[in-house]
Amino acid sequence: MFNLSVTPLGNLFFGLTLIVFVSLALVNFASFRGSKASDFKNNSSIFLYTLLFISLGVIFYASDLITLFIGWEVMSWSSYFIITNRAKLKTSQKYILFNLGAGFALLGAVVLIYSFTGTALYSDIAFSKVPTALHFPITLLLLITIFIKSGVMPFHHWVVDTYEEADNLFSSVLSAIISKAGIFLFILMFSQIIGYKFLEPMIFDIVAWLGVITSVIATFKAISQDSMKRLLAYSSIAQLGYIVTILSIFSVSGIEAGLYHTLIHTLVKLLLFVNVASIIYITGKNRFSELGGLIYRYPILFIMLLIGIIGLAGMPPLGGFNSKFLIYTTLLEEKKALLLVAVMFSSASAFLYCFKLIYGIYLGQSTDEVTEHKELPTAYYIPQIIGAVILVVLGLLPSVGIAIFNPTLISLGFEPTAYSSLFELNGGFASFNGGAIMTLFILIFVAILSIAFSLKNKIRERRDRFDISYCGETPNPTVNLHYGYGVGEELRRISFIGVILRNSSKEYWERISTIVKDSSTLIKKLYGLTVQNIALLTLLFFTILLFVGVK
Amino acid sequence: MSILYFVTIPLLASFLTPFFKDYLRYISVALNSLLLVFALSFMGDTPIREYISFDSALSISFVLDSASLFFVVLFFLIMTLFSLYHLKEESRKDSFILTNMLLASVSGLVLSGDIFNIYIFFEIASITAYILTSLGRDKKAYSGAIRYMIIGSFASIFLLIAIVTIYLNLGTLNLLTISESFFTISQNSQFLIILSLFIGFGIKAEIFPLNFWVVDIYQASSNRVNALFSAILSKAYIFLFFHIAYMLHVDTKYLSFLAVIGVISFAVAELSALSSKDIKRIFAYSTLGQIGVLFIALSSNSIDVISGAIFLIAIHSITKLMLFLSLDILEQKFKSTTIEIFKNFNSLFLVVIFAIGFLSLLGLPPFGGFIAKLTILNGLVGLREYLFVGAILVISLIEAVYFFRLLGSTRVQEPKEDIEIELLPKVLLSLMAIAIVYFGLFPDALLDISKDVATTLIGGADV
């Protein structure tokens, strides 16, 4: 019943799973050690994490659709129970309903394919046996599955609340790995389940645009958030938008860029979510407006976050630049100029929220006077250090990524990409040397640092965070003048972006929910009828059928 | 070993109750399990036919084919588990009269080879069910029982109309003979018979729009009785419904009508459950929903789909038995069955049991319900019934809303009370849960049996 096989694509995604789960297991182990052995939640959590881990393994190593589906659903419900540990009932309901919706769409596609091709094994599926009229519905069902899991708009409604309310560490699993299951299915869909030949290019232009629009909207939503985890959640949606866009280009370089960005995003989000989890653990606060100035007490966390946002923003000299570079070159190569502009617009705007992240938490004025600090277990540093080290290594040796992806590309039926040295990343018509850039940046960094240190004593004395002597606005004691407070409000005044920020898909989903609930209360009345009425209805039913049927 | 024993021994046990009051629990369990073993020993030897009188028109005949054997095994298995569950309890000895009578009548229903006998067992089963409902001995229970009786007699009347019309036209009540000569009756009489049978059995098989009475009755009865209603009684009627439908070779347009009614039944039941505030009612709605799915699948006239339905019947019976018995534990603690009680109990064991039951009902892997759903959907796609596939998937999502809301509320941070569960119930509930997981992981043996049953059910008249 379970058909599993080891494939390069599976290895790649399972490798990411291992990185995330092993590093988080160390953190969890450290935090469990102090608790009682009979603790209900901890015991069930260990079981559920294990189940989730196994189900991810089943998804990535499945060699037939049914096995894939089994893994998929087990992933959904086991993660649901982990989310209920901390989230509100409404949020976890939202999570499971969207994800079950994804699962049922997948099941629909699976039974359609299975019934027509007579097999569920990827290697044996001959998609040409499926009637042409059904190609589009099957593609659509699979795309809905992918969109929901990866949070592509308009199916992203569940993502943000879930990421915010889940356990702080589990948010990193959700963002780093579980969302990648959608990406995995996307690659699987056009490489093995359906195949390029049967896919309408038109649909995938639309998908590419959906991805970009998702990333633009989510980026602006991220900027205007006051909660750290919500910001990261929107950022996660935006990044997955890029991956979906670049994968729907269907070229070697497109897939390479998509895989590279998947790798980078997993590392970055593991790092950032654990970093934010550390801050929440220490201070118990999740809002930028309540935090600030933590660099003096937690310099290592600051450096980790710095590495994380450099990776997230796709700036040299770290690994994040490699995948952005590949995305840009691929889009240029494929002459998708408009997409390129949109992607660049969104990544440029992403700097804003990256800056907010580092400024709001670590820079600016300290809020120490109002916050009690708990001591952070050392284990919280492990996932961050793992992520940071890999990001630095990838920055120095960008083609390590290509070396990792080549077996996958070969197994998907592409030519592997040649690379002259591990230092050099070749993006078609342009290339760069990671080693050189890294050296250059380190030199500049050292130079700036030495200037800063030499000027240290000349910098003006620190001011209180409510001191607005250099501000032009009228002071008001109720307004918090911290940087993190109210950033993004001004964006609402820009006509196009303001419209995006004011509206959300929430209303539509809630309208659907209201309609279902209303019809439920209405229909339920049938089951409260008195016995006379039931008897009458039965007779009526009999009579109507009799008149319809008798000739 | 006669197949009559499946009816007579429980009936005898039931009438002997007054004499063996104190040991009856043990005797009952022993007899049930003994008969279960006998039933299993029949496997492979079917079909068997037995007549009591040899007057060809009015003979009483019993038929044991692989389909009825499957149901007999299922009923005896459920009843064995049920009576084992109550082995340690001193209270309510009189309920053993009724449970044994119920068992005798449902095995009579599935085994009978003539329609008048079916009517007799139909009545015995109904009367037993009325009394079972009234066992609560309060106002709610008695009014529920009376309502049940009124609706039940309605069903009997329609069944009687059908039987009379058949006898007037064909002069026989033997199902096999009816099956062979049914086409000779005039079109209008055929329609009247089919319609009356549909109403008569439809009320009992709890299909929309004849099932408006069900939920109130479930609420009036105790959870243990509901476990039997849901796991045994409704299953017997559903089998009978389709057994007779396929015996009479009804037209495919009637079958597709049944499928549409199944979809409506599923949708209406799940929608109603959505805003229900009482767990007993929710379970009742869920049973109605599953019956809707069974109607979609069983009316497909295709072995692939029907074998999925048979698989679903087995899994659903075990699941509902498990769920109602677990709910009973909660009701004894909290004296109520509102959904609020799910927030207030602290028992990892019960949460796991409920989780396995709910996920299996939703058709999620790796539980038994998933295999059933997969088989049904796969078969329906094979028949090109895409609309039904879509409907089942979408409505399952509505089903997920309330089941996951219940599961989610067990994890809500509120003051919780510990629940003590005795060893025997714990073992039995675990056994049922393990069975559900086992059939989800290793479905092949049960699927083969289901296929066999489906073949017999469709080809009913050829046996």
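Name every residue in segment B:184-216 that is more than 22 Å from B:Leu74 (Cα to Cα), more than 10 Å from every other protein chain (Cβ to nearest Cβ) and among the β-branched types (Val, Ile, Thr), in order of residue number.
Once the filter is applied, which keeps residues that are more than 22 Å from B:Leu74 (Cα to Cα), more than 10 Å from every other protein chain (Cβ to nearest Cβ) and among the β-branched types (Val, Ile, Thr), segment B:184-216 yields B:Thr184, B:Ile185, B:Ile193.
How do the pairs read when you match residues in segment A:520-534 that are within 7 Å of chain B (Cβ to nearest Cβ) and among the charged types (D, E, K, R) with residues anywhere that are in a helix (DSSP H, G or I) and surrounded by 15 or more Cβ atoms within 10 Å (Cβ to Cβ), using Cβ under 7 Å and keeping only pairs 6 or more apart or on different chains?
A:Lys524/B:Ser272
Select from segment B:263-277 the residues that are away from every other protein chain (no Cβ under 11 Å) and surrounded by fewer than 24 Cβ atoms within 10 Å (Cβ to Cβ) and list them in ascending order.
Step one: list which residues in segment B:263-277 are away from every other protein chain (no Cβ under 11 Å), which gives B:263, B:265-266.
Listed by number, the list holds a single entry, B:Val263.
Is one or more of the residues making up segment A:456-476 part of a helix (DSSP H, G or I), modelled with pLDDT of 75 or more and over 21 Å from A:Phe355 (Cβ atoms)?
Checked segment A:456-476: no residue is part of a helix (DSSP H, G or I), modelled with pLDDT of 75 or more and over 21 Å from A:Phe355 (Cβ atoms).
So how many residues does segment B:379-416 have that are within 20 Å of A:Arg86 (Cα to Cα) and β-branched (Val, Ile, Thr)?
Adding up the residues that qualify gives 3.
Pick from segment B:195-236 the residues that are among the charged types (D, E, K, R) and more than 17 Å from B:Ser156 (Cα to Cα): which of them is surrounded by the most Cβ atoms within 10 Å (Cβ to Cβ)? Give the derivation first.
If we filter segment B:195-236 for residues that are among the charged types (D, E, K, R), which is where we start, we get B:204, B:206, B:216, B:224, B:235.
With more than 17 Å from B:Ser156 (Cα to Cα) added as a condition, the list becomes B:216, B:224, B:235.
On the way: B:Asp216: 23, B:Arg224: 21, B:Lys235: 25.
Of everything passing the filter in segment B:195-236, B:Lys235 is surrounded by the most Cβ atoms within 10 Å (Cβ to Cβ).
Considering only residues that are crowded, with 17+ Cβ neighbours inside 10 Å and not polar (S, T, N, Q), look in segment A:136-146 and name the one that is farthest from A:Ala109 (Cα to Cα).
Looking only at segment A:136-146, we keep the residues that are crowded, with 17+ Cβ neighbours inside 10 Å, and these are A:138-139, A:141-146.
Now restrict to residues that are not polar (S, T, N, Q): A:138, A:141-144, A:146.
Details: A:Ile138: 5, A:Leu141: 6, A:Leu142: 6, A:Leu143: 10, A:Ile144: 10, A:Ile146: 12 Å.
Only one residue tops the list, namely A:Ile146.
Go through (1) at pLDDT 90 or above; (2) among the hydrophobic types (A, V, I, L, M, F, W, C); (3) over 28 Å from B:Ile146 (Cα atoms); (4) surrounded by 15 or more Cβ atoms within 10 Å (Cβ to Cβ) and name the single condition A:Leu537 misses.
Just one mismatch for A:Leu537, condition (3).
Just a yes or no: is a residue in segment B:373-384 of a type in the set (D, E, K, R), surrounded by 22 or more Cβ atoms within 10 Å (Cβ to Cβ) and either facing chain A (nearest Cβ under 8 Å) or under 24 Å from B:Ser307 (Cβ atoms) (or both)? Can you show your working first?
Just the residues of segment B:373-384 that are of a type in the set (D, E, K, R), to begin with: B:373, B:384.
Still in the list and also surrounded by 22 or more Cβ atoms within 10 Å (Cβ to Cβ): B:373.
When the remaining residues are screened for being either facing chain A (nearest Cβ under 8 Å) or under 24 Å from B:Ser307 (Cβ atoms) (or both), the result is B:373.
So far as segment B:373-384 goes, yes, one or more of its residues are of a type in the set (D, E, K, R), surrounded by 22 or more Cβ atoms within 10 Å (Cβ to Cβ) and either facing chain A (nearest Cβ under 8 Å) or under 24 Å from B:Ser307 (Cβ atoms) (or both).
From the list A:Val212, A:Val244, A:Val252, pick out the single residue that is surrounded by fewer than 22 Cβ atoms within 10 Å (Cβ to Cβ) and under 29 Å from A:Lys335 (Cα atoms).
Working: A:Val212 fails: surrounded by fewer than 22 Cβ atoms within 10 Å (Cβ to Cβ); A:Val244 fails: surrounded by fewer than 22 Cβ atoms within 10 Å (Cβ to Cβ).
When all the criteria are applied, what remains is A:Val252.
Would you confirm whether any residue within segment B:345-363 is facing another protein chain (nearest Cβ under 9 Å), at positive phi and either buried (at least 24 other Cβ atoms within 10 Å of the Cβ) or modelled with pLDDT under 90 (or both)?
Yes.
Would you check if B:Phe439 is crowded, with 20+ Cβ neighbours inside 10 Å, assigned by TED's automatic domain parsing to the domain that holds B:Phe358 and more than 30 Å from B:Glu331 (Cα to Cα)? Lay out the reasoning, then the answer.
Values: crowded, with 20+ Cβ neighbours inside 10 Å: yes; assigned by TED's automatic domain parsing to the domain that holds B:Phe358: yes; more than 30 Å from B:Glu331 (Cα to Cα): no.
Against the criterion (crowded, with 20+ Cβ neighbours inside 10 Å, assigned by TED's automatic domain parsing to the domain that holds B:Phe358 and more than 30 Å from B:Glu331 (Cα to Cα)), B:Phe439 does not qualify.
Against the conditions (1) exposed (fewer than 13 other Cβ atoms within 10 Å of the Cβ); (2) closer than 25 Å to A:Pro8 by Cα, where does A:Thr417 fall short? Just the number, please.
(1)
What do you reckon, is A:Thr408 β-branched (Val, Ile, Thr), buried (at least 19 other Cβ atoms within 10 Å of the Cβ) and modelled with pLDDT of 80 or more? Quick ask: steps written out before the conclusion?
Details: β-branched (Val, Ile, Thr): yes; buried (at least 19 other Cβ atoms within 10 Å of the Cβ): yes; modelled with pLDDT of 80 or more: yes.
The answer is yes for A:Thr408.
Out of all the residues in segment A:497-519, which are in a helix (DSSP H, G or I), more than 13 Å from chain B (Cβ to nearest Cβ) and either touching a Leu at 6+ places or on another chain (Cβ under 7 Å) or without any contact (Cβ under 8 Å) to a residue 40 or more places away in the chain (or both)?
Passing the criteria: A:Ile497, A:Gly498, A:Val499, A:Leu501, A:Arg502, A:Glu507, A:Glu510, A:Arg511.
What single numbered condition from (1) free of Cβ contacts under 8 Å to residues at least 12 places away in the same chain; (2) away from chain A (no Cβ under 11 Å) fails to hold for B:Leu294?
For B:Leu294, the failing item is (1).
How many residues does segment A:166-188 hold that are in a helix (DSSP H, G or I) and over 19 Å from A:Ala238 (Cα atoms)?
Let us first name the residues in segment A:166-188 that are in a helix (DSSP H, G or I), namely A:168-188.
Among the residues that remain, those that are also over 19 Å from A:Ala238 (Cα atoms) are: A:168-170, A:188.
Looking only at that region, the number is 4.
I'd like the residue in segment B:10-32 that is within 21 Å of the chain's Cα centre (by Cα) and at pLDDT 85 or above and, out of all such residues, is surrounded by the fewest Cβ atoms within 10 Å (Cβ to Cβ).
This residue is B:Leu11.
Of all the residues that make up segment A:107-119, how many are more than 7 Å from chain B (Cβ to nearest Cβ) and either on the phi > 0 side of the Ramachandran plot or surrounded by fewer than 23 Cβ atoms within 10 Å (Cβ to Cβ) (or both)?
Matching residues across segment A:107-119 total 4.
Which condition from (1) closer than 16 Å to B:Gly390 by Cα; (2) surrounded by fewer than 21 Cβ atoms within 10 Å (Cβ to Cβ); (3) touching a residue at least 60 places away in the same chain (Cβ under 8 Å) is the one that A:Arg86 breaks?
(1)
Residue-wise test of (1) over 20 Å from A:Val111 (Cα atoms); (2) hydroxyl-bearing (Ser, Thr, Tyr); (3) assigned to a helix (DSSP H, G or I); (4) assigned by TED's automatic domain parsing to the domain that holds B:Val437.
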residue: B:Ala309; (1), (2), (3), (4): no, no, yes, yes
residue: B:Lys333; (1), (2), (3), (4): yes, no, yes, yes
residue: B:Glu340; (1), (2), (3), (4): yes, no, yes, yes
residue: B:Ile356; (1), (2), (3), (4): yes, no, yes, yes
residue: B:Ile371; (1), (2), (3), (4): no, no, yes, yes
residue: B:Thr375; (1), (2), (3), (4): no, yes, yes, yes
residue: B:Leu397; (1), (2), (3), (4): no, no, yes, yes
residue: B:Pro415; (1), (2), (3), (4): yes, no, no, yes
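For segment A:64-78, check the following and say yes or no: at least one residue is polar (S, T, N, Q) and at the interface with another protein chain (Cβ under 9 Å from one of its Cβ atoms).
Kept after step one, since they are polar (S, T, N, Q), are these residues of segment A:64-78: A:67, A:76, A:78.
If we keep only those that are at the interface with another protein chain (Cβ under 9 Å from one of its Cβ atoms) as well, we get A:76.
Yes, there is a match, as at least one residue in segment A:64-78 is polar (S, T, N, Q) and at the interface with another protein chain (Cβ under 9 Å from one of its Cβ atoms).
Restricting segment B:174-194 to residues that are among the hydrophobic types (A, V, I, L, M, F, W, C) and in contact (Cβ under 8 Å) with a residue 24 or more places away in the chain, which is surrounded by the fewest Cβ atoms within 10 Å (Cβ to Cβ)?
Quick first cut of segment B:174-194, residues among the hydrophobic types (A, V, I, L, M, F, W, C) only: B:175-176, B:178, B:182-183, B:185, B:191-194.
Narrowing the set further to residues that are in contact (Cβ under 8 Å) with a residue 24 or more places away in the chain leaves B:175-176, B:178, B:182-183, B:192-194.
Values: B:Leu175: 24, B:Leu176: 17, B:Ile178: 22, B:Phe182: 20, B:Phe183: 10, B:Leu192: 20, B:Ile193: 24, B:Ile194: 20.
Of everything passing the filter in segment B:174-194, B:Phe183 is surrounded by the fewest Cβ atoms within 10 Å (Cβ to Cβ).
Evaluate segment A:81-103: report whether one residue or more is facing another protein chain (nearest Cβ under 9 Å), assigned to a helix (DSSP H, G or I) and touching an Asp or Glu at 6+ places or on another chain (Cβ under 6 Å).
yes
Here is a list: A:Lys356, A:Lys324. Which entry is in a helix (DSSP H, G or I), closer than 19 Å to A:Leu240 by Cβ and basic (Lys, Arg)? Give the derivation first.
Values: A:Lys356 fails: closer than 19 Å to A:Leu240 by Cβ.
Checking each option against the conditions leaves just A:Lys324.
Criterion first (part of a helix (DSSP H, G or I), touching a Leu at 6+ places or on another chain (Cβ under 8 Å) and either small (Gly, Ala, Ser) or closer than 21 Å to B:Val37 by Cα (or both)) does B:Leu98 satisfy it?
Numbers: part of a helix (DSSP H, G or I): yes; touching a Leu at 6+ places or on another chain (Cβ under 8 Å): yes; either small (Gly, Ala, Ser) or closer than 21 Å to B:Val37 by Cα (or both): no.
It is false that B:Leu98 is part of a helix (DSSP H, G or I), touching a Leu at 6+ places or on another chain (Cβ under 8 Å) and either small (Gly, Ala, Ser) or closer than 21 Å to B:Val37 by Cα (or both).
Filter segment B:113-125 down to residues that are surrounded by 20 or more Cβ atoms within 10 Å (Cβ to Cβ) and either over 30 Å from B:Ala245 (Cβ atoms) or at pLDDT 90 or above (or both) and give me whichever is nearest to the other protein chains (Cβ to nearest Cβ).
Per the stated criteria, the residue is B:Phe122.
The values are calculated or read from the model by the stated rules, or taken from the named source; none is laboratory data. Remember, predicted model here, so these are calculated numbers, not experimental data. When we count neighbours, we look across all protein chains shown, and the Cβ atoms used for this are built from the backbone with ideal geometry, even at glycine.
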